[in-house]
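Step one of this worksheet: look at the structure below.
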Amino acid sequence: MSNHRLPERDRPWVMRTYAGHSDAKRSNELYRKNLAKGQTGLSIAFDLPTQTGYDPDHVLARGEVGKVGVSVANKGDMHQLLEGIPLDEMNTSMTINATAAWLLGLYVTIAEESEVARSTLSGTTQNDIIKEYLSRGTYAFPPEPSLRLIADMVAFSVNEVPRWNPTNICSYHLQEAGATPVQEIAYALSTAIAVLDEVKARGQVAEEDFPKVFGRISFFVNAGIRVIEEIAKLRTMAALWEQIGRERYGVTDEKMLRFRYGVQVNSLGLTEAQPENNIQRIVLEALAVTLSRDARARALQLPAWNEAMGLPRPWDQQWSLRIQQVLANETDLLEYPDIFAGSVVMDGLVEELSAGAREEMDVVEKQGGAVKAVPYMKARLVESHRERVGRIERGEQKVIGQNSFQETEESPLTAGADGGIMTPDPEVERERVAALEHWKSTRDQNAVDAALAELARVAGTEDENIMPATIAAAKAGATTGEWAQTMRDVFGAYRGPTGVDGAAPSSNKAQLETTRRRVDETSEQIGHRIKILVGKPGLDGHSNGAEQIALRARDVGMEVIYQGIRLTPAEIATSALQEDVDVVGLSILSGSHLELIPEVVRLLNEEDLDIPVVVGGIIPVADAQRLRDAGVAGVYTPKDFDINQIMGEIVELVGERAGARAAA
């Protein structure tokens, strides 16, 4: 057999669809259908209350229940979610971070109550809290105790659930937040080092077993449209990871040194304009993580073509699964050794990225490591994202259908009555609150109280592992919100850095000059500098857009009030009153805009505040009109990519309102 062919065809990667919505019953039906279509692993999407540790009846859960994933409040929900799915055979990925210990506890609980041994379970908990502070926003506790929870899960898994990947270091969300390839590599590997150092320091894994800890660390990586650069990035990460294992941790076992990663390809680059173009983007990005055998993904999930418009339907997710199946089964890419071996271009790119990543990792190390460097990394990501947005605005970075080749025929994909997206059932939240009340009324409250008291005691210690007490609380019938509140009571609350204050001023003065002049003129007209409150109501932690609006408003001369994520409508209205702002800009991507945005408008009107409200996010056309009918002055969606134009319209809105008040 020639060495340019493999002796036999490689096995395909694990194929997943990131899925979950509404409640456990509906999501279980979806999972079983997906598995019947040929999906080979589960990827569970949880709703934001579950991700951030709130029960469906909490004030911050309003409008968020069952929207971006499935609501799981207790072991009863988890039993229903996975009913009929053989847990000792299934590879399950759970996108969960702040409450990862709790969800793993629930998973172990329902396995054992179904007579499945924990040692047979295989899968992954995402469980990368540092990237939550940097990009995704579903953190719940301060960094140090959060890292302790991760370390406890790693030790527990290595010792008792050996086939489980307890943490999945996520460079994916860093790219979504604007990271360059160098930043994506450096910040992800720095995070992995922080986790490994914490596990070693806690001493819950025997020294001779530490290579197993290294070997159970996996990664969740992004792949953008720059295909060649993305392949080089993955080869770079693999090489640096092996180097870290050998040099920093003394790992010599080749199997443990493997760079094991799963992928969801880029969502940041998906467009609302001409959304059919997203299909070819997804296919090209899938090739970036499957073409190179030496750096091929072990698991892959692809976004749906319509994610920039709203929630995908089952048919949309099936399309993404079929892309994977065609790549794996109809093409010949699994039949050859690595086709980039010996490539001058690839070797040069890897060398270039390696040098840049090592340099940036040194900066993080000098800051005291990834945990202490969170403010630094956050500010650098905000700056990088600003540069990316600026390139698109100026037309330097082409986005087909958005800033170039904009003439188009009407798409039949969006012509249906549903507009090409799924609309969540508005009754889900009420049903989930009622189910929670029923659960609490039928459990042994004394057992729950005792389990939560023990959980609090263990959380307050320095050396005990949190997982046994967590599993005991799950078995007793505690809820997601109760577990998280117990942790908050011990660890305290935390609000992460926004990155806006730490970001340097824009260096592109010419691009901002016209808008700055309009801000100055209107500020003179109203007698003070225009003041904008930028807010994120609800639990949506994807703050990239809000940060860019706040940063651009600052750069064009407005006074900006930006308090970060996770605010109630009442908190936003109170802040608008106390800060005496001229305009309120709200960002929301989780689908809860109809519940939360009109409430902000109502509360402002209740205080007789004539303050215009504008909103940006993933908002369907029909919903945009309903928001305008509710008093929202402007609605912006992903197709509105020109932030300078948005700033100009906001300035005009402030001037018009001031003029109307003066005339009255």
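Table for the structure above
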{"quantity": "Rounded Å value of the spacing that divides the Cα centres of segment 245-282 and segment 328-398", "calculated": "11 Å"}
{"quantity": "Carbon and sulfur %, accessible surface of segment 1-84 computed with the full protein complex present, 1.4 Å", "calculated": "49 percent"}
{"quantity": "Percent of beta bridges antiparallel (DSSP, the chain, rounded to nearest 5)", "calculated": "0 percent"}
{"quantity": "Lys/Arg +1, Asp/Glu -1 at C-beta; segment 439-492 dipole; positive extreme among Ala472, Ser441, Val490", "calculated": "Ser441"}
{"quantity": "Loop-resident sites, segment 1-83, for trypsin sites (Lys or Arg not before Pro), counting at most 16 other Cβ within 10 Å (DSSP)", "calculated": "Arg5, Arg9, Lys37"}
{"quantity": "Structure-derived Rg/Rh (Cα atoms, Kirkwood Rh): which label, when the choices are (i) 0.96; (ii) 0.99; (iii) 1.10", "calculated": "(i)"}
{"quantity": "Dipole in debye (nearest 20) - segment 163-256, about Cα centre, beta carbon charges: Lys, Arg +1; Asp, Glu -1", "calculated": "120 debye"}
{"quantity": "With DNA, RNA and ligands ignored, accessible area of Trp315 (1.4 Å probe; Å², nearest 10)", "calculated": "130 Å²"}
{"quantity": "C-alpha center-to-center spacing [segment 449-508, segment 587-644] in angstrom", "calculated": "32 Å"}
{"quantity": "Radius 13 Å from Cβ of Ser157, net charge of other residues (Lys, Arg +1; Asp, Glu -1)", "calculated": "+1"}
{"quantity": "Neighbourhood net charge (12 Å Cβ-Cβ; Lys/Arg +1, Asp/Glu -1) for Arg322", "calculated": "-1"}
{"quantity": "Separation between Cα centres of segment 50-68 and segment 215-235, rounded to whole Å", "calculated": "32 Å"}
{"quantity": "Given charges at beta-carbon only (K, R positive; D, E negative), |dipole| of segment 234-282 in Debye", "calculated": "180 debye"}
{"quantity": "Protein-only accessible surface order, largest first, of Glu285, Glu208 at 1.4 Å", "calculated": "Glu208, Glu285"}
{"quantity": "Local electrostatic count, His173, Cβ distance below 9 Å [Lys/Arg +1, Asp/Glu -1]", "calculated": "-1"}
{"quantity": "Gained length - Arg529 relative to Lys509, 0.36 nm times residue gap less alpha-carbon distance", "calculated": "5.3 nm"}
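The values are calculated or read from the model by the stated rules, or taken from the named source; none is laboratory data. Quantities reported herein were computed from a predicted structural model and do not represent experimental measurements. Counting neighbours? That spans all protein chains shown, and the Cβs are built from the backbone with ideal geometry, glycine included. Side chains included, ligands, DNA and RNA excluded: accessible areas come from the protein's heavy atoms. Shrake-Rupley method; radii C 1.70, N 1.55, O 1.52, S 1.80 Å.
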